[in-house]
Amino acid sequence: MYAVRMVCLLFMGIALCLSGCSSGNPLPENVLQVGNGAEVQELDPHIVSGVTEHRVLTSLFEGLLDCDAATMEPMPAVAESWEVSEDGLVYTFRLRHNALWSNGEQVTAADFAYAWQRILSPALGSEYAYLLYCLKNARAFNEGTIKDFGEVGVKVLDAHTLEATLEHPTPYFLTMHNHYAWFPVHRGTIEKFGKMDERGTQWTRPGNLVSNGPFMLTD
């Protein structure tokens, strides 16, 4: 009797799975539908802290580097190449000239410097600001010990060259950049709808959001 019940339950489970996978309204060609598990908290990469948000933000934004799915090694994204000093403290990133924001503007080194200043701003209160503490003086700036972001180890050498100086050698520094805490944000859009370090403004809403990833927000 027990075996019969188990077989019945098994077939019921299979039937439910099959009915859940089928749809009376098939998707158009070239549409991938992904279950995200839950509603996102927000689309501001400097505010959120969840896996649900990570899935969406990595579609909307792109950082300096990505991660090779097969080898887990860092691979070019917005940065087409990079150099590391002999002491492991200074990283120089060369940005692609064809990297664009969704409004057509070019993505520049200044966009990354602005984003890193924003997430480290004490007033923003970002939960993941600590991920940038490997940068020289980043923690002191985030905790308000120093007020001048110019003392933090971030320097824009030119429109397509960004220099990052670390507090200590950090072997995993390059692999950190596929996390949304390091993603660039569009300064003009953020400041159109509020202050640099202000939470909950309208800049992430459909029709307002300017991003640099492979997808654009429509709804």
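The values are calculated or read from the model by the stated rules, or taken from the named source; none is laboratory data. Model, not experiment: these values are computed from the prediction. Please note: Cβ atoms are built from the backbone with ideal geometry, for glycine as well, and neighbour counts cover all protein chains shown.
May I ask you to say which residue of Ala115, Ala110 is at pLDDT 95 or above, aliphatic (A, V, I, L, M), outside any loop (DSSP other than H, G, I, E, B) and under 15 Å from the mean Cα position of the chain (by Cα)?
Ala115
Restricting attention to the range 168-199, which residues are under 17 Å from Met75 (Cα atoms) and hydroxyl-bearing (Ser, Thr, Tyr)?
Passing the criteria: Tyr172, Thr175, Tyr180.
Looking at the range 93-147, which of its residues are hydroxyl-bearing (Ser, Thr, Tyr) and free of Cβ contacts under 8 Å to residues at least 40 places away in the same chain?
Across the range 93-147, the qualifying residues are Tyr130, Tyr133, Thr145.
Quick check on the range 85-125: of everything there that is acidic (Asp, Glu) and within 20 Å of Met216 (Cβ to Cβ), which residue is surrounded by the fewest Cβ atoms within 10 Å (Cβ to Cβ)? Walk me through it before giving the result.
Filtering the range 85-125 down to residues acidic (Asp, Glu) leaves 86-87, 105, 111.
Applying the additional criterion that residues be within 20 Å of Met216 (Cβ to Cβ) yields 105, 111.
Working: Glu105: 13, Asp111: 25.
Here the answer is Glu105.
Could you figure out which of (1) surrounded by fewer than 18 Cβ atoms within 10 Å (Cβ to Cβ); (2) over 22 Å from Glu83 (Cα atoms); (3) among the small types (Gly, Ala, Ser) isn't true of Ala159?
Status for Ala159: all satisfied but (2).
Against the condition part of a loop (DSSP other than H, G, I, E, B) and either of a type in the set (Ser, Thr, Tyr) or touching a Ser or Thr at 6+ places or on another chain (Cβ under 8 Å) (or both), how does Leu217 come out, does it pass? Step through it out loud before you land on a result.
Values: part of a loop (DSSP other than H, G, I, E, B): yes; either of a type in the set (Ser, Thr, Tyr) or touching a Ser or Thr at 6+ places or on another chain (Cβ under 8 Å) (or both): yes.
Spelling it out, Leu217 is indeed part of a loop (DSSP other than H, G, I, E, B) and either of a type in the set (Ser, Thr, Tyr) or touching a Ser or Thr at 6+ places or on another chain (Cβ under 8 Å) (or both).
Answer with yes or no whether Gly207 is at pLDDT 95 or above and over 25 Å from Glu105 (Cβ atoms).
no
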